[in-house]
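Read the figures in this text as sums done on the coordinates, not as results from a lab. Bear in mind the structure is a predicted one, so any value in this text is a computation, not a measurement. Cβ sites come from the backbone with ideal geometry, for glycine too, and all protein chains shown count toward neighbours.
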Amino acid sequence: MNKTILGKILGGLVTVSIPVVICVLSILILLSPVFINLEYRLPNFPVDNYGFSTKERLEFGNLTRRYLVTNDTLDDLRELKFDTGDPIYKESELKHLEDVKIVISSVIKVFWLAVTIVVVGGVFARSQDWRNGFIQSVARGGWLTAGLLGMILFLSIVSFQSLFTNFHRVFFEGDSWLFYYSDTLIRLFPIRLWQDVFIVFGVSTLAGGVMLGWLLPKLKWNDS
């Protein structure tokens, strides 16, 4: 396989990998303690009508977030109790959290695959004088990301509930993700939080895509 053909194949792989890299980086930001700590302290964040204080939301919310991104187990969440001694999570809620953790784990694996492809593309570009082709591939990936996220932001504004529902139908089976307003998952993570998640995800990912698509083409080398 000659350099030109290999460059085209690798360029296409790099382009489709860039949206994955940018999107997952945005997700990791949202899964950090920073987002949830800021979100719960927003002045217009809805109160819990069933009694959780902001302090309790921060405690339980962060422990739940940690379960999703660490080696914590469901038993760690089962140990969380109300003052009455009852567990804060029902088994159906724990099952959903387990499903979410599986999805996140799969996404992280795809992320590292995408990162590997981009790194391999960069090494090939450096060794084979394919720098401009690599930059163009990354830039196309940036604009592809921006286009996809622009559509998501538009759908969020037009009908967030529909987008939210369809998102869960893609990643989770049946009605396993539906809960009552009195359930802990909804009390800790109300619809307002998910609206902000989609907005922050959309804006940060869109910004990353535009920056790559717009700035990188300005960097040029003369390929031999």
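At an R0 of 25 angstrom, the distance between the Cβ atoms of Gln195 and Leu28 translates into a FRET efficiency of 0.80. Extension gain for Thr84-Leu6 works out to 21.7 nm (0.36 nm per residue, less the C-alpha to C-alpha distance). For region 1-122, the number of Lys pairs with C-alpha atoms closer than 23 Å, counting only pairs eight or more positions apart or on separate chains, is 8.
Label-to-label distance for Val115 and Lys95 is 3.4 nm, based on points extended 7 Å past Cα in the beta-carbon direction. Each residue of region 54-70 was assigned a 3J(HN,Hα) from its phi angle through the Karplus expression (A = 6.51, B = -1.76, C = 1.60, θ = phi - 60°), giving 4, 4, 5, 4, 4, 5, 5, x, 6, 5, 5, 4, 5, 4, 5, 10, 10 Hz with x at Gly and Pro. In the chain, a dipole from Cβ-located charges (positive for Lys and Arg, negative for Asp and Glu) runs towards its positive end, and of Leu148, Tyr50, Ser159 it is Leu148 whose Cα lies farthest in that direction.
Relative to the current alpha-carbon distance between Phe167 and Asn37, full extension at 0.36 nm per residue lengthens the span by 44.3 nm. The charge dipole of the chain, taken about its Cα centre with unit charges on the Cβ of Lys, Arg, Asp and Glu (plus for the first two, minus for the last two), comes to roughly 1220 debye.
When the Gaussian network model of the chain links Cα atoms closer than 10 Å, the mean-square fluctuations of Leu42, Leu163, Leu144 top out at Leu42.
Here each label is just a point 7 Å from Cα along the line to Cβ, and for Leu63 and Ile157 those points are 4.1 nm apart. Backbone phi angles across region 15-22, fed through the Karplus curve with coefficients 6.51, -1.76 and 1.60 (θ = phi - 60°), yield HN-Hα couplings of 4, 6, 7, 4, x, 5, 4, 5 Hz in residue order; Gly and Pro are listed as x. Among 47-58, 124-135, 88-99, the peptide with the highest mean count of other Cβ atoms within 10 Å heads the list, and the full ranking is 124-135, 88-99, 47-58. Taking Cα centre as origin and charging only the Cβ of basic (Lys, Arg, +1) and acidic (Asp, Glu, -1) residues, the dipole magnitude of region 47-151 rounds to 720 debye.
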